[in-house]
Amino acid sequence: MPDGAKPVLDVRGLQTVFRTRGGDVHAVNSVSFHLEPGELLGVVGESGSGKSVTMMSLIGLLPMPPAEIRGGQVMLGDMDILKVSPAQLREIRGKRIGFVFQDPMTSLNPVYTVGNQVMEPLLRHMGLNKTQARARAIELLELVGIPDAERRMKDYPHQFSGGMRQRVMIAIALACDPEVLIADEPTTALDVTIQAQIIELVKDLRSKLGMAIVWITHDLGVIAGIADRVVVMYGGQIVEQAPVGELFANPQHPYTRALLKTIPSVSGTREKRLRVIEGQPPILGAAPTACPFMPRCTEAFAVCHVENPQRRPLDDKRVGYGHDVACHWDAKTGGIA
Amino acid sequence: MLDANPTEQSSANSAAKLVEVKDLKMYFPIHTGLFRRHTGDVKAVDGLSFDIFKGETLGLVGESGCGKSTVGRALLRLYELTNGSVTIEGEDIAKLSPEALRRKRPTMQMVFQDPQACLNPRMTVAAIISEPLDEHTKLSSAEKLEKVYELMDAVGLNRAFANRYPHAFSGGQRQRIGIARALALNPKFIVCDEPIAALDVSIQAQVVNLLEDLQEQFGLTYLFISHDLSMVRHIADRVAVMYLGRIAELSPREPLYAEPLHPYAKALLSAVPDPDPEREATRQRIILQGDVPSPSNPPKGCNFCTRCPEVIPICHEVKPELAEVRPGRFVACHLVKPD
């Protein structure tokens with residue numbers, strides 16, 4: 001991707017808190033990232049790392065309360081979408097930003113036909129009449145590889161298999177030609193052979209339609225095959241960001257390094273024993289004053305206990321544009337950066 | 001009770017069969033209409049035969065709905081089998097009387113997928129782990145507590161937490177509680193049904209390493225059911241690939257992953273994403289078309305014939321039998337002939 005192209009989506013310092021009876025949960029802590037036109041940004045992290053909450057906050061899909069966005073900017077083009085009215089936000093959702101969620105069964109409405117649901121955004125956002133919307137919906141279903149699309153318009157979601165439902169979700173998300181597609185664990189609920197089908201489909205659609213995609217997953221294997229650039233999240237923060245090849249070849253954060261070593265692979269050499277990351281992911285009770293990975297880190301210094309590291313660039317590019325890491329440890333020297 | 005050396009020396013005869021499965025069938029009847037007539041069957045498991053050797057880990061992989069969990073449950077007779085025999089240590093458990101089966105239970109245990117659902121939220125950890133001891137042994141309370149502590153040590157849980165309830169533990173720790181409970185009666189054979197599927201990546205490795213340690217320590221034999229092919233490659237000695245209620249291929253680990261023989265095994269392995277961008281960029285994927293057919297109405301002939309990229313006419317007519325095509329490698333395919 002050319003450096004300097006104006007990002008389609010630019011998130012700066014996003015901070016989301018859930019207010020609970022047991023106190024605030026700091027789910028997202030000053031997360032910043034951008035999305036360039038046509039690129040696929042992979043967001044990796046374990047459950048509770050804040051990857052889904054980040055995406056849900058920026059499009060206003062979190063229930064508020066208990067959620068509260070404490071700060072940050074989300075620039076879609078020239079508009080800060082955290083500041084727009086609910087009506088404007090509804091115009092943006094589905095039209096300029098499309099979504100695909102993890103579980104295609106719960107995100108489709110079981111009492112409407114699939115055709116009805118694919119036509120809905122077309123009627124709502126695109127100003128098409130029913131005949132036009134129907135024709136376009138059939139086109140979309142064909143585009144995502146649903147055989148016999150015209151007849152299947154009349155079917156209900158339960159008549160589709162998991163993989164086919166996910167294709168329907170993708171058709172709905174793409175209906176209004178969005179600039180940004182956010183896919184939240186779109187293949188996690190699917191079997192591997194179906195996952196491979198969906199990944200091929202997304203690759204194919206990308207080359208045809210050229211939208212920018214944010215792909216959230218916990219599966220580093222999926223990321224390796226599909227992403228241009230990767231953001232690694234841990235404890236509600238971005239801990240590392242790099243182009244995909246660079247991240248896998250040259251991981252810098254102790255968490256990324258440990259994570260890459262702990263996953264077995266179907267090819268390559270088989271380790272006699274799996275490496276583990278000892279301990280548990282953090283509970284995000286208080287605003288972080290230390291590095292969230294510190295209790296599990298093998299490289300922790302004294303400074304890691306008292307100061308949450310900021311992202312620092314590892315090359316001459318700005319943070320977010322080259323390779324950057326939020327860590328006090330310097331992987332090259334083994335000392336404090 | 002926690003013998004590091006089980007009474008029967010497993011090393012004495014390493015190729016001895018612990019579990020022998022012959023023509024296992026598990027059909028679930030479909031009843032329809034006003035009179036709930038028996039109109040068909042979901043053929044979840046349709047004629048499986050395989051052995052599990054003492055001290056080995058047999059991986060059982062396949063996609064959802066292929067019947068792998070049903071096999072695991074049928075092996076412990078958590079279902080009444082439709083047909084076939086499951087011989088564990090010389091006794092066909094399919095034919096045991098309820099009382100004899102109860103006495104047999106301590107040798108065979110299970111670790112479940114969802115550690116949240118398989119632990120009673122109203123029982124303390126100590127009560128959960130000692131429940132099998134209450135049922136099957138005549139130990140005194142003090143002896144039981146001692147045994148509970150030993151088990152908690154063995155699975156890496158802090159003894160101080162014995163009186164806590166499951167909700168106070170994380171997913172990985174809950175899975176350890178489930179494993180401790182399965183170990184309580186010194187079993188020989190444990191069915192692990194997707195034990196790591198509900199856990200985070202960084203926790204999965206912890207649990208897999210624990211299972212390996214325990215296997216070595218107590219001489220356990222595992223049936224490791226999983227859809228995660230890369231983790232199965234790590235833990236299993238031999239791997240059975242299931243498709244639609246049948247075994248497509250059963251091979252030792254290394255040859256299977258290096259060169260799968262059955263077309264389904266090939267497609268399945270090629271679909272697994274590899275955490276290496278360079279290998280991913282050059283890899284040739286076999287993308288299967290369509291979905292798995294319904295097990296209530298499997299295709300005639302080979303059950304993979306509707307999606308097989310290498311299908312030939314005979315596949316639609318004749319069901320291929322699982323045959324040994326190379327030493328130790330069993331494949332059910334018309335295209336794979338013995339060397």
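Out of the stretch A:1-24, which residues are farther than 21 Å from residue A:181 by Cβ and surrounded by 20 or more Cβ atoms within 10 Å (Cβ to Cβ)? Selection gives A:16, A:17.
The residues of the stretch A:54-81 that are part of a loop (DSSP other than H, G, I, E, B) and in contact (Cβ under 8 Å) with a residue 40 or more places away in the chain, listed by number, are A:59, A:62, A:65, A:66, A:77.
Do we find that residue A:277 is open to solvent by less than 30 Å² (accessible area, probe 1.4 Å) and within 7 Å of another protein chain (Cβ to nearest Cβ) in this structure?
Spelling it out, residue A:277 is indeed open to solvent by less than 30 Å² (accessible area, probe 1.4 Å) and within 7 Å of another protein chain (Cβ to nearest Cβ).
One residue is enough: does the stretch A:99-108 have a residue meeting the conditions over 22 Å from residue A:203 (Cα atoms), assigned to a loop (DSSP other than H, G, I, E, B), open to solvent by less than 20 Å² (accessible area, probe 1.4 Å) and touching a residue at least 12 places away in the same chain (Cβ under 8 Å)?
Yes - at least one qualifying residue is present in the stretch A:99-108.
Exactly one residue among A:249, A:189, A:212 is within 12 Å of chain B (Cβ to nearest Cβ), closer than 22 Å to residue B:281 by Cβ and in contact with a Pro (Cβ under 9 Å, 6 or more places away or on another chain), and that residue is A:249.
Does any residue of the stretch B:202-222 turn out to be under 30 Å from residue B:41 (Cα atoms) and not acidic (Asp, Glu)?
yes
Scanning the stretch A:265-297 for residues that are among the polar types (S, T, N, Q) and within 30 Å of residue B:253 (Cα to Cα) yields A:265, A:267, A:269. Looking at A:259, A:247, A:274, A:314, just one residue is modelled with pLDDT under 85 and not basic (Lys, Arg), and that residue is A:274. In summary, residue A:230 fulfils each of the numbered conditions (1) more than 8 Å from chain B (Cβ to nearest Cβ); (2) in contact (Cβ under 8 Å) with a residue 12 or more places away in the chain; (3) among the β-branched types (Val, Ile, Thr); (4) open to solvent by 20 Å² or more (accessible area, probe 1.4 Å) with the single exception of condition (4).
Note on the stretch A:45-79: among residues that are surrounded by 19 or more Cβ atoms within 10 Å (Cβ to Cβ) and of a type in the set (D, E, K, R), the one that is nearest to the other protein chains (Cβ to nearest Cβ) is A:46.
Filtering the stretch A:284-334 to residues that are touching a strand residue (DSSP E or B) at 6+ places or on another chain (Cβ under 8 Å) and either surrounded by fewer than 12 Cβ atoms within 10 Å (Cβ to Cβ) or at positive phi (or both) leaves A:286, A:320.
The values are calculated or read from the model by the stated rules, or taken from the named source; none is laboratory data. For clarity, every value in this text was computed on a predicted model and none was experimentally measured. As a convention, Cβ positions derive from the backbone with ideal geometry for all residues, glycine included, and neighbour counts pool all protein chains shown. Surface areas here come from the heavy atoms of the whole protein model, side chains and all, with no ligands, DNA or RNA. Shrake-Rupley method; radii C 1.70, N 1.55, O 1.52, S 1.80 Å.
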